[in-house]
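Colleague: I have a structure I would like to understand better, so I am pasting it below and will then ask my questions one at a time.
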Amino acid sequence: MLRIAVCDDNADQLKKEASLVWDYIRRFHEPMLIVMNFSSTALASALRSGDTYDIYLIRLHTAGLLPVRSATDGIVLGQLIADRTEKPQESVLIYLAEDRNRAYEAYAVHAARYLLLPLQTEELTEALSFASAHAVPGRRPPLVIRTKSGEISVPSDEILWAESLERTIVFHLTNSRTLTSLTIRSSFVTVMRPLLSLDHFVQCHKSYVVNLNAVISMEPGQFTVTGNVSVPISRSRFVGMKQRYLQWLTIRGAAEEQ
């Protein structure tokens, strides 16, 4: 079971942030997640006493402007997490901030995500999907697709390729199925990030992401995927895609021989 620590010195904000996390758990049936709420001082104390969590959502305030005098700065908490986690790569740190001014500091303590307030449901969903998958070795994150019929969680292995089309994303799935998202507010890359964190998904064009497991062949300017469909490869990405594809064929071949 994964444990999430949500930390904010503003009690009202802490309640809202924790509520959004619980909404995610209910929507996507994540029974392995439990949520603990902390002020920065309480979380610092817990960390110093040896308590650790799998996922941390920590409010990061403007430098020098902590809400209460006794508060512990979010970057200090990040360093405590890194120092006291037995395997730091297995915990996920997500910062919540009002601006981008402290992003460099955040990534210096190995933050996985830096989300701007007020929180956008789409961005928080992506971050938590990434975090829960990252914290469980071997687990592949589903992609959460917001459609006219509601939010649909699709296993990554069912996605053959996806294309950005007029501020929506069309997902082409196994068994000749398609899903079209609602209008996206963030970038195509942001929505695709859970897939692109996996070795077998690549962005071959500014508007296309493809599952290498679905690729039948590669020619100049395109992949041919399941169903004999052509997916474009931009000229600037062709050399990199060729290298990735050949590497993937080697890895897949070795796995099949075992």
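Values quoted throughout were computed directly from the atomic coordinates according to the rules given, and no laboratory measurement underlies them. Given the structure is predicted, the values throughout are model-derived calculations rather than measurements. With ideal geometry, Cβ positions are generated from the backbone for all residues, glycine too; neighbour counts draw on all protein chains shown.
Colleague: Can you give the extra length, in nm with one decimal, that the chain gains between Leu119 and Ala11 once fully stretched, where that is 0.36 nm per residue apart less the Cα-Cα distance? Before the final figure, lay out the partial values.
Modeller: Numbers: separation 108, 0.36 × 108 = 38.88 nm, distance 1.62 nm.
Length gained between Leu119 and Ala11: 37.3 nm.
Colleague: Length gain on complete extension for the stretch Asn213 to Lys242, per 0.36 nm per residue less the alpha carbon to alpha carbon distance?
Modeller: Full-extension gain reported as 9.0 nm.
Colleague: Still on this model: Taking the chain as a Gaussian network, Cα atoms linked when under 10 Å apart, which of Phe130, Phe171, Phe238 shows the biggest mean-square fluctuation?
Modeller: Maximum among the listed residues: Phe238.
Colleague: Express the C-alpha Rg of region 2-135 as a ratio against the empirical globular expectation 2.2 N^0.38 Å, rounded to two decimals. All intermediate terms of the calculation are to be shown ahead of the outcome.
Modeller: Working: Rg = 13.5 Å, N = 134, 2.2 N^0.38 = 14.1 Å.
The reported ratio for this selection is 0.95.
Colleague: Where Lys and Arg each count +1 and Asp and Glu each count -1, what net charge lies around Phe238 among other residues with Cβ under 15 Å from its Cβ?
Modeller: Numbers: positive: Lys206, Arg235, Arg237, Lys242, Arg244; negative: Glu219.
Summing Lys and Arg as +1 and Asp and Glu as -1 gives +4.
Colleague: Now for a separate question. Counting only helical runs of four or more DSSP H residues, what would the 222 nm mean residue ellipticity of the chain come to if each run contributes -39,500 (n - 2.57) and the total is spread over all its residues? Walk me through the intermediate numbers first.
Modeller: Working: 7 runs with 88 residues, N = 258.
It comes out at -10500 deg cm²/dmol, rounded to the nearest 500.
Colleague: Roughly what would the spin-label model give for Ala42 and Glu151, points 7 Å off Cα along C-beta, in nm?
Modeller: According to this spin-label approximation, the distance is 2.5 nm.
Colleague: Give me the net charge for the shell around Thr180: Cβ to Cβ below 15 angstrom, other residues only, Lys and Arg +1, Asp and Glu -1. Kindly include the intermediate steps, with their values, before the conclusion.
Modeller: Details: positive: Arg146, Lys148, Arg167, Arg177; negative: Glu151, Glu163, Glu166.
Here the count lands on +1.
Colleague: Label points 7 Å out from Cα along the Cβ direction at Arg235 and Asp23: separation in nm?
Modeller: 4.5
Colleague: Rounded to the nearest 5, what % of DSSP beta bridges with both residues in the chain are antiparallel? It would help to have the intermediate numbers written out before the result.
Modeller: Details: 29 of 49 bridges.
The antiparallel fraction comes to roughly 60 percent.
Colleague: Considering only the other residues whose Cβ falls under 12 Å of the Cβ of Val215, what net charge follows from Lys and Arg at +1 and Asp and Glu at -1?
Modeller: Working: positive: Lys242, Arg244, Arg252; negative: Glu219.
Once positives and negatives cancel, what remains is +2.
Colleague: Let me ask something else. Would you mind calculating the relative contact order of region 145-258 from Cα pairs under 8 angstrom and at least 6 residues apart, reporting the percent as a whole number? The partial results should precede the final answer.
Modeller: Details: 152 pairs, mean separation 19.7, N = 114.
Answer for region 145-258 is 17 percent.
Colleague: Working from the pairwise distances between different alpha carbons, so that the mean of 1/r is found and then inverted, what is the chain's Kirkwood radius in Å? Write out the running numbers ahead of the final one.
Modeller: Values: mean 1/r = 0.0503 Å⁻¹.
One over the average 1/r among Cα pairs gives 19.9 Å for the chain.
Colleague: Okay, next question. Treating region 143-257 as a set of equal point scatterers at the Cα positions, no solvent, please give the Debye-formula log₁₀ I(q)/I(0) at q = 0.09, 0.13, 0.18 Å⁻¹.
Modeller: Evaluating at q = 0.09, 0.13, 0.18 Å⁻¹ gives log10 I(q)/I(0) of -0.23, -0.48, -0.91.
Colleague: Give the calculated FRET efficiency between Ala82 and Asn175 to the nearest 0.05, with a Förster radius of 51 Å applied to their Cβ-Cβ distance. Let's see the in-between values first.
Modeller: On the way: r = 44 Å, r/R0 = 0.86.
Using R0 = 51 Å, I get an efficiency of 0.70.
Colleague: Explain nothing, just the number: relative contact order of the chain, from Cα pairs under 8 Å at least 6 residues apart, as a whole percent. Numbers along the way, then the final one.
Modeller: Numbers: 404 pairs, mean separation 27.9, N = 258.
About 11 percent, as a whole number.
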